[in-house]
Amino acid sequence: MARLPLAASLVLSLIGSASCKSNADDTTNGNVSDGPAEIQERVDATFAGLALATIANEQDNREALLKHPALAALVRHQQMSGNPSPDKEQILDGILASPWNTKSAASNLEYLRDREPELWEAALASSSYLPDGALIDGELFLIVGYDIGVASPPDMVLNVAHQNFVDEPAEFAFYATHEAHHVGFLSQREFPDLAHLDDPAALAALIAFSTQMEGMAVHAALPAREAANALGVDPDYAVYTDKEKANQTIDRYREVLGLLDGLDQVDGATINQVLGAMSSGERLWYQFGALVARQIEQESGRDALVGTIADPATFDAAATQLLAN
Ligand SMILES: [Zn+2]
């Protein structure tokens, strides 16, 4: 079997994480704020504003939305996640039809209106965990109705209607750091081939890649989360403070990887089980990856951790060491 739809959809959470929730009622337009020109260019709230007005039947912005570079970024995100021919109209229909809370989305756009410089700074903060030459040179699009945040190099996308941000608007900055780290990481590394995940070596390579990419992105937002006393808001960060949770995560990651032991070919159910546990299910590659990143930084320093982007074998060796303890 070449490509498995369920596996591919699970892999979507490689570079994003959830789907939207909530109910619809009110709207507003989301326009960019006054601020330094460069920042105005980099944070673009127009897609969210156009979508909100369309949902409220104030304007029919469908044509503008179809041409919007934020939608092009979502198409690229789907392609990178294993969907070879994503349908732009279908993605837009999904966004416009999904039952998210437009009132909360509007109030989050308002919240961000004067904070675009901070949001872009939070994206750039990821560069302290990226090598020289890593590029964060696209746009940060604010959208509604798709995942929570996704990286789609050179751009990144945040969903202002997502319940996480409705509950905690301060999370925008941490997610900007996370997604921007992916953009920089992917400017240095090629995303693995998802076409032959029934080959145990290909599946293991995807897991190793994602453990490093997601773990480092989680870790990149650690300093800002610590400074804001916000580790407790995101369950991925419990491994940093809860030794028992960290040990459980290591044990579970080892156990799930062990499902591939001795296999010549991986059946579809096993692929889904493994990727489900690693990604949106138990979030093992985020949390175990963060532990590996922390260990490398503690033992060898931040430059050494950053160096593993060019030399992934070093990251894999640290992971193996953590699993052996
Ligand atoms: Zn991620």
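Across the range 177-211, the number of residues qualifying as over 13 Å from the mean Cα position of the chain (by Cα) and either touching a residue at least 12 places away in the same chain (Cβ under 8 Å) or closer than 15 Å to Gly149 by Cβ (or both) comes to 19.
Quick check, is Gly35 at pLDDT below 50, more than 25 Å from Asp199 (Cα to Cα) and either in contact with a Pro (Cβ under 7 Å, 6 or more places away or on another chain) or among the acidic types (Asp, Glu) (or both)?
yes
Within the range 112-139, being part of a helix (DSSP H, G or I) and touching a Leu at 6+ places or on another chain (Cβ under 8 Å) holds for Leu112, Leu119, Trp120, Ala123, Tyr129. Scanning the range 42-62 for residues that are under 22 Å from the mean Cα position of the chain (by Cα) and among the polar types (S, T, N, Q) returns a single hit, Thr46.
Of the residues making up the range 157-171, those that are touching a residue at least 40 places away in the same chain (Cβ under 8 Å), within 15 Å of the ligand (Cβ to nearest atom) and buried (at least 24 other Cβ atoms within 10 Å of the Cβ) are Val157, Asn159, His162. Answer yes or no as to whether Gly94 is outside any helix (DSSP H, G or I) and away from the ligand (no atom under 16 Å from the Cβ). Answer is no for this residue.
So which of Leu135, Leu124 ends up being more than 16 Å from the ligand (Cβ to nearest atom) and within 16 Å of the chain's Cα centre (by Cα)? Show your work before the answer.
Values: Leu135 fails: within 16 Å of the chain's Cα centre (by Cα).
Within the list Leu135, Leu124, the selection yields Leu124.
In this entry, Val218 is excluded by the filter for residues that are surrounded by fewer than 19 Cβ atoms within 10 Å (Cβ to Cβ), under 21 Å from Glu168 (Cα atoms) and not polar (S, T, N, Q).
Please determine whether any residue of the range 258-277 is in contact with a Ser or Thr (Cβ under 8 Å, 6 or more places away or on another chain), on the phi < 0 side of the Ramachandran plot, assigned by TED's automatic domain parsing to the domain that holds Phe315 and crowded, with 23+ Cβ neighbours inside 10 Å. Within the range 258-277, not a single residue is in contact with a Ser or Thr (Cβ under 8 Å, 6 or more places away or on another chain), on the phi < 0 side of the Ramachandran plot, assigned by TED's automatic domain parsing to the domain that holds Phe315 and crowded, with 23+ Cβ neighbours inside 10 Å. Annotation note: Cβ proximity below 7 Å between a residue of the range 236-248 that is closer than 12 Å to Arg283 by Cα and a residue that is in a loop (DSSP other than H, G, I, E, B) (sequence gap 6+ or interchain) occurs for Asp236/Arg283.
Within the bounds of the range 286-298, is there any residue that is under 22 Å from the mean Cα position of the chain (by Cα), of a type in the set (Ser, Thr, Tyr) and surrounded by 13 or more Cβ atoms within 10 Å (Cβ to Cβ)? Checked against the condition, which is being under 22 Å from the mean Cα position of the chain (by Cα), of a type in the set (Ser, Thr, Tyr) and surrounded by 13 or more Cβ atoms within 10 Å (Cβ to Cβ), the range 286-298 yields at least one hit.
The values are calculated or read from the model by the stated rules, or taken from the named source; none is laboratory data. All of these numbers come straight from a predicted model, not from anything done at the bench. For neighbour counting, all protein chains shown are included, and Cβ atoms are generated from backbone atoms with ideal geometry for every residue, glycine included.
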